[in-house]
Amino acid sequence: MELLKDLHFFRKVPRDLTEATLAGGGLSLVSTFVMAYLFVTNIMQYLASDYATTIVLDRSVDHRLQINFNVTLPRLPCRFASVDVSDVMGTHLLNVSRNVQKLRIDADKVFLGEAEDRPRDLIFAAAETGDRAAAAAREGKHSSVLVKKVDDFRGVVTGNDLVLVNFYAPWCPWSQRLAPVWEEATDQLSHKPYARAVTMAKVDCTSPDTHDLCVKEHVHAFPTVRIYRDRHPHSQENYVGDRTHGSLLAFMEKNLPEGARDDGARPAPFWEQEDIEVHAGGPEGCIVQGALLVNRVPGNFHISAHSTSHSLHMPHLNLTHTVKHLSFGKALAYDQFAALPDEVARTWNPLHGVTFAPRVENVTMEHYLKVVHTSYEPTPRPSTHISTYQYTIHSHQYEDHEAYPAVVFSYDLSPIQVVVRRERESFAAFLTQICAIVGGVFTITGLVRACSRTPPASFASPLTQNHAPPTPPD
């Protein structure tokens, strides 16, 4: 036991040999506050975590990459919107419909319905049918009403119970193909008992007198066949059925007004007829959303105007668009996205809510995306790791007079991978810092107390420097 006492490094000083001073009490109080502050800050730092970022070669073994997107085009109808994919390996896919959804909206972004994945193939009249119709027209047969002025158009649609209007352009091959069929159907209609209740008209959208009418009716492609009912000057229905005289006559018979039908029955509701597409009556747009599975090589996917039965009017194509969502990799759940560091979350979907508008007509807008594979590892357990992608964005516009305008998203994958780990200070390091705080504060306090009790030689009184005490008188 005596040996153990000899090893005591911190021996107790009797209280009688210590002296309490006012300065010492103040210094002790200050040192207590300092230690408390350092204790609290170090505990908070120990409980908090930091992010460490490392860069390695991409370790992904997947040969395919998923692209998630949601793009709103307020001026492009869904029936003309096509999602195409191409890459440097020679892949070229047109009008991709798998896992792609198109939602029709009006000018106020009100939902109108879901568009067909792929427009159905139309049946066109044979060439000889058109020749016979042209010959019949030359022989003085009945022909459709040619609207030459805006006032004439209003008189035609408000003066008849059912009117079909063909908005066409003479240069359009599809309009040229429909023209003889339209005249043949008009001639056959004139021999029907209900001929007075139905009128077939046509409007040349290239004529200066009717050009504004086509713009007002929001005609984006030729030919466009509109249906006007009950003498109303506005139409909300497009005819999208087969382009044969028999199909046109069958459609008119099915949609005769009540007074013109022999049985007195009402026409079938438009939503039950596949030959009718309801349009907004004004500017119509489309929300294109879905997921694409592409090769992990540089490529692009683009949304362009496309039709297999119309000629699109390029000056009227407006590809203003708003990107609601665009991300790469598997879709993240809400809790996974919330767990991402702020730096990663900001670049996961940086285009969210951004709107792009063309500066002039017939403009293609391209977005170049540099994609980087990113892994977030909050703990060493692999089950908690989150694999996602970040990307940077650069956008520009250019005019392409040889093709229809498009919205192009070009992507290029980086060969590196960013690994973000969540790290926390070890308990040993925390304990070492606590000991350093205690020892350091006590040491500094002791030095301050020593300096306050023993003034330096330079501050000693001149009367005590290098002078012997005076000799008492004899």
Let me have the 222 nm mean residue ellipticity of the chain computed from DSSP H runs of 4+ only, each contributing -39500 (n - 2.57), with the sum over all residues rounded to the nearest 500. -8000 deg cm²/dmol
Region 183-193 - phi-based ³J(HN,Hα) in whole Hz, Karplus 6.51/-1.76/1.60, Gly and Pro as x: 5, 5, 5, 5, 5, 5, 5, 5, 9, 8, x
In the chain, with Lys and Arg counted as +1 and Asp and Glu as -1 at Cβ, which of these residues, His92, Pro358, Thr388, has the Cα nearest the positive end of the dipole, that is, farthest along it? Thr388
Could you sort Lys149, Lys254 by their accessible area in this structure, using a 1.4 Å probe and putting the largest first? Lys149, Lys254
Relative contact order of the chain, defined on C-alpha pairs under 8 angstrom at six or more residues apart (%): 23
Probe 1.4 Å, protein heavy atoms only - accessible area per residue of the chain in square angstrom: 58
Sorted by chain and then number, the residues having a modelled amide H within less than 5 Å of the amide H of Asn349, at least 5 places away or on another chain, are none
Semi-axes of the equivalent ellipsoid for the chain, please: Cα gyration tensor eigenvalues, times 5, square-rooted, ordered largest first, whole Å. 87, 23, 21
Asp87 accessible area, 1.4 Å probe, all protein chains in place, Å² to nearest 10: 20
What does the charge add up to near Arg422, with Lys and Arg as +1, Asp and Glu as -1, over the other residues with Cβ less than 14 Å from its Cβ? -3
Roughly how far apart, in whole Å, are the Cα centres of region 423-449 and region 296-353? 53
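Using per-residue counts of other Cβ atoms within 10 Å, averaged over each peptide, order 164-176, 412-424 from highest down.
Order by mean packing, descending: 164-176, 412-424.
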Bridge orientation stat for the chain from DSSP, antiparallel percent rounded to 5, came to 75
Please report the equivalent ellipsoid semi-axes of region 261-412, computed as sqrt(5 x eigenvalue) of the Cα gyration tensor, largest first, in whole Å. 40, 24, 13
Using a 1.4 angstrom probe on the protein heavy atoms only, line up Ser144, Ser426 by accessible area, largest first. Ser426, Ser144
Along the Cα-to-C-beta direction of Asp335, a point sits 7 Å from the Cα; which residues of region 372-403 have their amide N less than 20 Å from that point? 376-388
Note, ³J(HN,Hα) from phi for region 329-337, Karplus 6.51, -1.76, 1.60, rounded to Hz, x at Gly and Pro: x, 5, 4, 8, 6, 4, 5, 5, 5
Output wanted: per-residue J couplings in Hz (rounded whole) for region 291-300, from phi through Karplus 6.51 cos²θ - 1.76 cosθ + 1.60, θ = phi - 60°, x for Gly and Pro. 9, 10, 10, 10, 5, 7, 9, x, x, 7
As a quick test, which of the pairs Lys109/Lys370; Lys330/Lys370; Lys109/Lys149 have an alpha carbon distance above 28 angstrom in this structure? Lys109/Lys370; Lys109/Lys149
List the residues whose amide H sits under 5 Å from the amide H of Val278, counting only those 5 or more places along or on another chain, with H placed 1.01 Å from N in the peptide plane. Asn238
Bridge type composition, region 149-236 - antiparallel percent by DSSP, nearest 5: 45
Past 26 Å, Cα to Cα, is the threshold; run Lys148/Lys216; Lys216/Lys254; Lys148/Lys254 against it and keep the listed order. Lys216/Lys254; Lys148/Lys254
Using only protein heavy atoms and a 1.4 Å probe, report how much of Val448 is accessible, in Å² to the nearest 10. 70
Hey, can you grab everything whose amide H is under 5 Å from the amide H of Cys172? Only 5+ residues off in sequence or another chain; H modelled, so Pro and N-termini drop out. none
Probe radius 1.4 Å, ligands and nucleic acids left out: which of Met44, Met365 has the largest accessible area, and how do the rest follow? Met44, Met365
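The values are calculated or read from the model by the stated rules, or taken from the named source; none is laboratory data. None of these values were measured; they are calculated from a predicted model. Please note: Cβ atoms are built from the backbone with ideal geometry, for glycine as well, and neighbour counts cover all protein chains shown. Just so you know, the surface numbers come from the protein's heavy atoms only, side chains and all, with ligands and any DNA or RNA stripped out. Shrake-Rupley method; radii C 1.70, N 1.55, O 1.52, S 1.80 Å.
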